[in-house]
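Below is one structure; the comments refer to it alone.
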């Protein structure tokens, strides 16, 4: 691969579970899951080790169903502070080899090592060096894909786990990649897979050779991208590690300790969630023009709705008001099951300084200005120093600080095939 880019995709194996074992070596060799607090109803599997995985336990399983799949299963709570600590250690190793290190969550990243071959050797050799150094200095293992594009490097890291290196080259990708299910391709989610299957496309190879015009007619510009990805064509650059990550959306969600049965309690939860969302928007210097909600009932059925604003906002009050309106217009507690979880997201983000047409009869920015003053107080005295009245006085006193601590990585880039 001397005349082409050399891209690595590194994925820490079973990251959450592996860190748990490093913190408590007595867990080594035992079936292990990382999960939320069952008493708070955060009772799903966030991660598992290889033993639990081989027993059929999957990320997203309920704790009860996981316990039925293997005896003596150990459940430990997540420790995001430690995950961040170990993630930084690993990323510090990556940046010793190249400044082009693009994070894909706490445990995954791409590395462009094209300019490092004279120093460290070819892609496979560099991957071996990185893997050995991470194991030696942190105790963690990684699986690495080596390829000529980001999309195939990602596929390579998923092909063989744990503690493995897979090379996907221009010489072997048709035999290695094309027979795989189309769902293995980055950015092909469940709904896209279903649509592709209806078109008779079941493998990556079938997608790579499908009529481009028909794909574009079905998926628009995304159809073009999907076919390009299936052929390993991905012109996006690996970003510098020092680049500031600007999210495409900022959201937060929570599973409530009790089922939500009325609008008052649901509104309390929504306003608490939006406090964190708005705070993060202001920290990024961004504002939103679209607000969306996701509502999951006790039967695990989910509905999503969104609304477009005619102004930019980074105000919790504005975002929550729209979210509550969406809730009331689309969910009837008298006829529908109680809610188990609620999520809110601010989308279509732009710089908060962008000029937009404002309503001359309203001071749109007054909520934002007030909340920025509240930010200053909270930074000095703690997030719980000031709370909205609507988040107090009910059984769902969903404190924004508690939500923030329970859901630290809520604005990470979405992952499709990740372990955690």
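Is the shape of the stretch 178-230 rounded, prolate or oblate, going by the alpha carbon gyration tensor and its root eigenvalues a ≥ b ≥ c, with a/c under 1.5 for rounded and a/b larger than b/c for prolate?
Rounded, because the longest to shortest axis ratio a/c is under 1.5.
If a/c stays under 1.5 just call it rounded; otherwise compare a/b with b/c (prolate if a/b is bigger, oblate if not). Do that for the stretch 42-194, with a ≥ b ≥ c from the square roots of the Cα gyration tensor eigenvalues.
oblate
Whole Å is fine, so just give me how far the alpha carbon centre of the stretch 309-336 lies from that of the stretch 129-146.
Measuring centre to centre over Cα atoms gives 46 Å.
How would the stretch 106-163 be classified by its alpha-carbon gyration tensor: rounded, prolate or oblate, with rounded meaning a/c under 1.5 and the a/b versus b/c comparison settling the rest?
Working: a/c = 1.88, a/b = 1.09, b/c = 1.73.
Oblate is the answer for the stretch 106-163, as a/c is 1.5 or above yet b/c matches or exceeds a/b.
Taken together, the values in this text are just the output of simple stated rules run on the coordinates, not laboratory data. As the structure is a computational prediction, the values presented were derived from the model and not from experiment.
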